[in-house]
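Coordinate-derived values only; no laboratory data. In this text the structure is predicted, and so the values were computed from the model without any measurement. Methodologically, a virtual Cβ is constructed for each residue, glycine included, from the backbone with ideal geometry; neighbour enumeration extends over all protein chains shown.
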Amino acid sequence: MNRYLNLLDFTLYSLLRRKWKILFLMLLFSYLVFLFSSVLLLTGAIKNEAKKGVRALPDITIQRLTAGRQVPIPAAYGEKLREVFGIEEIEPRIWGYYFVASTQANYTILGYDNERDAWKDLGRIVLQGTNGVSLGEGEAILGEGILKDRYLRLGQTLSLDTPSQTTKSFQVVGAFKGVTNLLTYDVILLNQRDAREILGVEEGFVTDFSVYISNKNEITTVAKKIMQILPGTRVVIKNQLARTYDMVYSWRSGFTLITLLGCLFAFAMMVWERASGLSAEEKREIGILKATGWDTSDILIMKSWEGLGISFTSFVAGLIGSYVFTFVLGAPLLKSLILGWSVLYPPFTFTPSVSLDQILVLLSLTVVPYLIATVIPSWRAATVDPDTVIRGV
Amino acid sequence: MIRVMSVSKVYNKGEPNQVRAVWEVSLHVPQGEMAVVRGPSGSGKTTLLTLIGCFARPSSGEIQVAGKPISRLPEKFMTLHRRKHVGMMFQQFNLIQDLSVEKNVAIPLYPLQLSGRLIDERVDALLHMVRLDKRRAFPVKRLSGGEQQRVAIARALANDPEIVLADEPTAHLDTALSQELMTMLQALKAEGRTIVIASHDPVVYGHPSVDRVLTMKDGCLSEV
């Protein structure tokens, strides 16, 4: 034990001799870890948020395609769907995007059906204007992003254009709670009749059907049956959407990581430079240690601690930095890069989570190569005859 | 104590630049004796010291210390032998320049199972002996040549060796400091340590405490 403490003492003292060089190295190392872990943590957090969003989606969504473009689907299809065994609930939905040229933002308009059971929980996520909740004609509940984008408050009026170029006004009777921002930030909730008018969905048609399946293991089977009885429809399974989100964010994160490859390359060069040989001074020191009774294992222990001390401390500093950057500061700049094109970014904070996989990936990219680059050349130098030192080589 | 039997050391054997540094050398240095190996530069003095000190293996021949053969030991045991029995003063001092005096002196003690307190005590005693107590925390690079030589002596004695090897110990010292060094080595001899010095300095080989003077030329040894 004393031996290890003595070697540790010498290692720390030895490092202090080169404190500025070591500090610079550690800053560089930490910065590299910070960059990569920020991308990984942010991507992981966004994927988690997306998964939460996907969980709220129906098991199956049925849309109608004409010439590859989504068009309203006849409401009568709902009756055919009832014939499919295994379906627990069918929900016809009226919804669509509303583009605002002045702010280049896309709003999501949802038609609210006062009669449907599924909507009864809405009162819990709406701040004000809740009376049950029911939405009358000319009334709207807005997401926080819309309120900000249009400088609106409760009781004020929101004007939207119809496809026939007329303008319709809506009184803002409610706002979604901030905690639901990820899902509701750009949402305008209207009475179903109003939603039809703004989106141009005629009576007898709906935008799509949400279908809920009682046995979740049967989702794929039910989806196949639906495709058979409703040809010309697109049947989207929740898992497919989850995979799509996963792919999109992985692609974006991969793209961001590629842009950081330059940093990794510079780091690899530094590691390679170290691995390919020690400086004459470092070799001389190792020779002196050997000549004065140090064993090869003593030198390797010292060099391992030195490498581990530098790389692991920098790694932890970089990781903590990226954690704060991602989960406390909300990853400014980087978030825009990975989240995508929407102008109305929901100001949600990510749920902090760091997975073991992410840490292992980062460790294997940074600490492990650095450690190898420290220990291998030292081992090579330590196996040289101390005779060479005496000769002043 | 030290018995060298027909030892040769050939560098770059079989190559065009082959060097016969030491050739068929035999030597016996009893315990407590001070022997000086003198000779011109390149005569093989340093190589002979490195072989005796287990810093390198001979190409042929045998070296025994206290009756035990040491010249064919595996690397780990060669290190252990150096650690336990040998203290070496190098011609170029071989100190770590930006380490403090005390850390340099303590280097041979770190791999041992000694507590930090014991190491401090040992370093204190050694620095007191070489009169460098007040330079304890100084980086070696700020010391004079004579002071650096004394740090090297303290380090060589840190492991309390039975054998002290000194390679041109007065090369960087003036006459007064050389005399002082010889007095110090004389004291070590009086403690029963076996001392082998490689030097061509008359102050060294002419010193009254020297028991034997040997001459090396072209790798071969002859007694004066």
Would you work out the charge dipole size for the protein assembly as shown about its Cα centre, treating the Cβ of every Lys and Arg as +1 and the Cβ of every Asp and Glu as -1, and quote it to the nearest 20 debye?
-> 900 debye
Filter on A:Lys177/A:Lys224; A:Lys47/A:Lys177; A:Lys51/A:Lys216; A:Lys47/A:Lys216 - keep pairs with C-alpha separation over 26 Å = A:Lys177/A:Lys224
Where is the GNM fluctuation largest for chain B (alpha-carbon springs, 10 angstrom cutoff): B:Leu143, B:Leu95, B:Leu51?
-> B:Leu143
Give the span of chain B's Cα atoms along each principal axis, as three whole-Å numbers ordered largest to smallest.
-> 49, 39, 36
Would you grab the residues whose amide H sits under 5 Å from the one on A:Phe176? Only those 5+ places off in sequence or on another chain, please, with H modelled 1.01 Å from N.
-> A:Leu127, A:Leu142, A:Gly143, A:Glu144
Among B:117-126, A:194-203, the order from most to least packed when residues are scored by Cβ within 10 Å on average = A:194-203, B:117-126
How high is the relative contact order of the range B:17-148, in percent, with contacts defined as C-alpha pairs under 8 Å that are six or more residues apart?
-> 18 percent
Quick one: which residues, 5+ away or cross-chain, put their amide H under 5 Å from the amide H of B:Gly61? H built at 1.01 Å from N.
-> B:Ser8
Run down the aspartates and glutamates and flag those whose C-alpha is under 14 Å from the C-alpha of A:Lys283, throwing out any fewer than 8 positions away in its chain.
-> A:Asp385, A:Asp387
Within straight cross-link reach of A:Lys238, meaning Cα distance under 20 Å, which aspartates and glutamates are found once same-chain residues fewer than 8 apart are removed?
-> A:Glu49, A:Asp59, A:Glu88, A:Glu89, A:Glu91, A:Asp208, A:Glu218, A:Asp246
Length-normalised contact order for chain B - Cα pairs under 8 Å, 6+ apart - percent | 31 percent
Evaluate E = 1/(1 + (r/R0)^6) for A:Ile359 and A:Ala56, where r is the Cβ-Cβ distance and R0 equals 25 Å; express this FRET efficiency to the nearest 0.05.
-> 0.25
To the nearest 10 degrees, the tilt of helix A:238-259 (Cα long axis) against the first principal axis of the alpha carbons of chain A is 40 degrees
Cα centroid of the range B:105-147 to Cα centroid of the range A:25-90, whole Å | 69 Å
Work out, step by step, the length gained on full extension between A:Gln104 and A:Leu152: first 0.36 nm times the residue separation, then minus their alpha carbon distance; give nm to one decimal.
-> 15.5 nm
Kindly write out, for the range B:10-16 in residue order, the coupling ³J(HN,Hα) from the Karplus curve 6.51 cos²θ - 1.76 cosθ + 1.60 (θ = phi - 60°), rounded to whole Hz, with x marking Gly and Pro.
-> 10, 8, 6, 4, x, 9, x
Mind pulling the angle between the C-alpha long axis of helix B:116-129 and the longest principal axis of chain B? Nearest 10 degrees, somewhere in 0 to 90.
-> 80 degrees
Projected label distance in nm at A:Gln228 and B:Ala66, using a 7 Å step from Cα toward the beta-carbon | 9.3 nm
Expressed as cubic angstrom per residue, what is the convex hull volume of the alpha carbon set of chain A?
-> 201 Å³
Extension gain, A:Asp9 back to A:Trp272 (0.36 nm per residue minus Cα-Cα distance, nm) = 91.9 nm
Number of partner chain Cβ atoms within 10 Å, mean per residue of B:204-213 | 0
Label points 7 Å out from Cα along the Cβ direction at A:Arg193 and A:Leu23: separation in nm?
-> 7.3 nm
Residue of A:Ser37, A:Ser279, A:Ser304 that the Gaussian network model of chain A assigns the largest fluctuation, springs spanning Cα pairs under 10 Å | A:Ser279
Net +/- balance of residues flanking B:Leu51 in space, Cβ distance below 10 Å, scoring K and R +1, D and E -1 = +1
List every residue whose amide H lies under 5 Å from the amide H of B:Met88, counting only residues 5 or more places away in sequence or on a different chain, with H placed 1.01 Å from N in the peptide plane.
-> B:Leu165
Under 30 Å Cα-Cα from B:Lys68, which lysines qualify once same-chain neighbours fewer than 8 residues away are excluded?
-> A:Lys290, B:Lys9, B:Lys13, B:Lys45, B:Lys76, B:Lys84, B:Lys189, B:Lys217
